[in-house]
Amino acid sequence: MEETLKILVVEDDEIDRVIVRLALTEAGMRMELDEVKDGNHAFFALINNHYDCVFLDYHLQNQDCLTLIHKLHSSGIKVPVVVLIDAGNEEIARECIQAGATEYFIKSTLSSETITHILRTAIRIHHTEIQLELANQKLKESREQLTLQHQELDKKQQQIQLQNLKILETSRLKSMFLATISHELRTPMNAIIGFSQILLRPKFGQLTNQQLDMVERILNNGKNLLMLLNEILDFSHLEAGKLELKPEILDLSKVVNNTVSEIRSLAEAKNLSLLVKTDLENTLVFNDAVRLRQILINLLSNAIKFTESGNIWVEIKEAPKNRVIIIVKDTGIGIASQDFQNIFAAFHQVDQGISRKYSGTGLGLAIIDSLVRIMGGKIYIESKLGVGSIFKIELPRKINLADNLGDIVFHSHQNQFYSLYSHNKASLNYPNLKL
Ligand code: ADP
């Protein structure tokens with residue numbers, strides 16, 4: 001059923017009012033018609049009633065139509081307004097439309113057809129305007145919400161930045177603390193070691209067997225503690241980027257053989273054979289001898305520590321692109337593939353329990369990792385639980401101090417003796433190591 005339209009006609013001229021009324025009545029629409037003569041009555045009627053359309057004479061006695069349109073607009077009254085003008089007053093009509101009227105109509109063209117058309121058009125335009133306004137309002141709300149979310153995000157970002165700064169500061173303080181404490185402890189430790197060595201010299205008098213045993217223990221424990229302090233100091237320097245390599249031209253096979261001789265007694269104490277194979281055409285490299293020795297000592301002492309029976313092998317050989325490879329292989333307890341990544345983290349040990357069997361700080365591999373990186377090299381690891389481990393260090397023959405972007409790479413082979421994985425999930429095609 002067609003809805004009943006409620007229409008207000010604002011017209012001070014009696015004849016014009018009748019003409020509009022007749023045209024509307026003849027239009028045959030269901031409607032309720034109210035008529036007022038001036039702007040004040042119109043405003044009052046519009047405040048108190050809902051109208052589907054207002055026909056407004058452009059020339060009212062007390063108040064012109066523009067004033068009424070402004071008043072309606074500022075009072076928030078939304079209604080389609082059709083301004084009725086005489087021919088030649090189109091300029092006024094345009095002003096009214098700019099002020100908020102919906103349409104205008106020339107009185108002389110008034111008929112039941114034209115009024116029906118203008119009425120429907122005005123209502124449709126008005127509905128569209130309302131919908132547009134609603135959509136704009138929603139858009140504005142979404143924009144405001146978005147701005148709020150942006151502000152929230154900015155705040156969170158600032159918080160994260162602040163937390164990052166705090167973490168950096170804490171890490172810096174930790175490194176400083178480690179560096180200071182280990183540096184300060186080294187002086188008394190050196191005194192303990194020095195004096196116990198002096199006590200062991202025969203010219204300071206004969207010690208009883210019990211005294212000899214005690215001084216030897218002081219000396220050995222002192223040496224262990226000094227080693228530990230040196231590790232912590234090195235690690236904190238590496239972390240702070242303060243450790244500098246001192247490269248020189250050196251004979252790699254000599255460094256390897258000397259280091260193996262230093263550590264051989266440890267292997268012998270566990271009845272492990274320690275074999276060295278040098279397969280280098282050119283044994284000369286440009287690197288830091290102290291740091292190369294440190295890498296070897298760490299790898300070899302791990303190999304000895306984690307091997308109960310069998311062999312330890314050390315091999316050096318050429319690699320493509322003027323690189324050299326140092327390999328340390330053992331028949332020890334091995335490392336599960338899921339631990340490959342973790343063991344290079346500082347203070348990380350596979351067995352983290354208090355009652356763990358193997359001593360150590362968990363810094364050895366972290367130090368090796370950093371050193372190999374600043375040497376521009378790569379570390380490869382292969383291992384199988386209960387079978388053994390292979391650590392392979394690939395280094396440029398001539399290190400470049402600016403090149404510090406080395407990688408740890410875990411090999412990935414299937415159905416092999418060793419369980420092998422790639423650190424960055426990239427499958428690497430390196431042949432299994434045979435020593
Ligand atoms: P630490 O030897 O002081 O514990 P590292 O950083 O040298 O510290 O080694 C970290 C961990 O990696 C060791 O605790 C051990 O669990 C594992 N690991 C290292 N080398 C070997 C190896 N050759 N065989 C078995 N496990 C090893």
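The values are calculated or read from the model by the stated rules, or taken from the named source; none is laboratory data. Treat the numbers as computed from the prediction; the structure is a model and nothing was measured. Every residue, glycine as well, gets a Cβ built from its backbone with ideal geometry; the counts of neighbours run over all protein chains shown. Accessible surface areas use protein heavy atoms only, side chains included; no ligands, DNA or RNA. Shrake-Rupley method; radii C 1.70, N 1.55, O 1.52, S 1.80 Å.
In the stretch 1-40, how many residues are assigned to a helix (DSSP H, G or I) and either open to solvent by less than 20 Å² (accessible area, probe 1.4 Å) or touching a Phe, Trp or Tyr at 6+ places or on another chain (Cβ under 9 Å) (or both)?
Matching residues across the stretch 1-40 total 5.
So which of A366, A346, A319 ends up being of a type in the set (A, V, I, L, M) and open to solvent by 20 Å² or more (accessible area, probe 1.4 Å)? First the steps, then the outcome.
Values: A366 fails: open to solvent by 20 Å² or more (accessible area, probe 1.4 Å); A319 fails: open to solvent by 20 Å² or more (accessible area, probe 1.4 Å).
Criteria check complete, one pass: A346.
Among the residues in the stretch 171-191, are any surrounded by 10 or more Cβ atoms within 10 Å (Cβ to Cβ), touching a Phe, Trp or Tyr at 6+ places or on another chain (Cβ under 8 Å), more than 18 Å from K223 (Cβ to Cβ) and not hydroxyl-bearing (S, T, Y)? Show your work before the answer.
Here is the first cut: in the stretch 171-191, the ones surrounded by 10 or more Cβ atoms within 10 Å (Cβ to Cβ) are 171-186, 188-191.
If we keep only those that are touching a Phe, Trp or Tyr at 6+ places or on another chain (Cβ under 8 Å) as well, we get 178.
Subset that is more than 18 Å from K223 (Cβ to Cβ): 178.
Still in the running and not hydroxyl-bearing (S, T, Y): 178.
So far as the stretch 171-191 goes, yes, one or more of its residues are surrounded by 10 or more Cβ atoms within 10 Å (Cβ to Cβ), touching a Phe, Trp or Tyr at 6+ places or on another chain (Cβ under 8 Å), more than 18 Å from K223 (Cβ to Cβ) and not hydroxyl-bearing (S, T, Y).
Within the stretch 270-289, is there a residue that is within 16 Å of the ligand (Cβ to nearest atom) and in a helix (DSSP H, G or I)?
There is no residue in the stretch 270-289 that is within 16 Å of the ligand (Cβ to nearest atom) and in a helix (DSSP H, G or I).
Out of all the residues in the stretch 364-384, which are in contact with a Lys or Arg (Cβ under 9 Å, 6 or more places away or on another chain), within 18 Å of S337 (Cα to Cα) and touching a residue at least 40 places away in the same chain (Cβ under 8 Å)?
Y380, I381, E382
Please enumerate the residues belonging to the stretch 328-339 that are surrounded by fewer than 21 Cβ atoms within 10 Å (Cβ to Cβ) and either out of contact with any Leu (no Cβ under 8 Å at 6 or more places or on another chain) or not in a loop (DSSP other than H, G, I, E, B) (or both).
Scanning the stretch 328-339 gives T331, S337, Q338, D339.
Using the structure shown, decide if T307 is open to solvent by less than 10 Å² (accessible area, probe 1.4 Å), within 11 Å of the ligand (Cβ to nearest atom) and either free of Cβ contacts under 8 Å to residues at least 24 places away in the same chain or among the β-branched types (V, I, T) (or both). Break it down stepwise before answering.
Numbers: open to solvent by less than 10 Å² (accessible area, probe 1.4 Å): yes; within 11 Å of the ligand (Cβ to nearest atom): yes; either free of Cβ contacts under 8 Å to residues at least 24 places away in the same chain or among the β-branched types (V, I, T) (or both): yes.
Against the criterion (open to solvent by less than 10 Å² (accessible area, probe 1.4 Å), within 11 Å of the ligand (Cβ to nearest atom) and either free of Cβ contacts under 8 Å to residues at least 24 places away in the same chain or among the β-branched types (V, I, T) (or both)), T307 qualifies.
For D38, only one of the following conditions fails: (1) without any contact (Cβ under 8 Å) to a residue 60 or more places away in the chain; (2) acidic (D, E); (3) closer than 21 Å to R124 by Cβ. What is its number?
(3)
When the stretch 228-258 is examined, which residues are found to be assigned to a strand (DSSP E or B) and of a type in the set (D, E, K, R)? So that I can check it myself, show each step before the final result.
Residues of the stretch 228-258 that are assigned to a strand (DSSP E or B), as a first pass: 248-251.
Those that are assigned to a strand (DSSP E or B) and of a type in the set (D, E, K, R): E248, D251.
Give the residues of the stretch 41-85 that are more than 16 Å from A99 (Cα to Cα), surrounded by fewer than 15 Cβ atoms within 10 Å (Cβ to Cβ) and at pLDDT 90 or above, sorted by residue number.
F44, I47, N48, N49, H50
Any idea which residue in the stretch 333-352 is nearest to I304 (Cα to Cα), counting only those that are in contact with a strand residue (DSSP E or B) (Cβ under 7 Å, 6 or more places away or on another chain) and more than 8 Å from the ligand (Cβ to nearest atom)? First the steps, then the outcome.
Of the residues in the stretch 333-352, the ones in contact with a strand residue (DSSP E or B) (Cβ under 7 Å, 6 or more places away or on another chain) are 334-335, 337, 340, 344.
Adding the requirement that they be more than 8 Å from the ligand (Cβ to nearest atom) leaves 337, 340.
Values: S337: 20, F340: 19 Å.
Among them, the one singled out is F340.
List the residue pairs whose Cβ atoms are under 8 Å apart, where the first residue sits in the stretch 46-64 and is without any contact (Cβ under 8 Å) to a residue 60 or more places away in the chain, the second is in a strand (DSSP E or B) and basic (K, R), and the two are 6 or more positions apart or on different chains.
Within 8 Å, the pairs are N49/K6; H50/K6; Y51/K6.
Just to check your reading of the model, which residue among I130, I118 is within 30 Å of D12 (Cβ to Cβ), open to solvent by 40 Å² or more (accessible area, probe 1.4 Å) and outside the structural domain of E90 (by TED's automatic domain parsing)? Quick ask: steps written out before the conclusion?
Values: I118 fails: open to solvent by 40 Å² or more (accessible area, probe 1.4 Å).
Answer to the selection: I130.
Return the pair list, or none, for Cβ contacts closer than 8 Å from residues in the stretch 74-86 that are polar (S, T, N, Q) to residues that are part of a helix (DSSP H, G or I) and surrounded by fewer than 19 Cβ atoms within 10 Å (Cβ to Cβ), at least 6 apart or on different chains.
Within 8 Å, the pairs are S75/I47.
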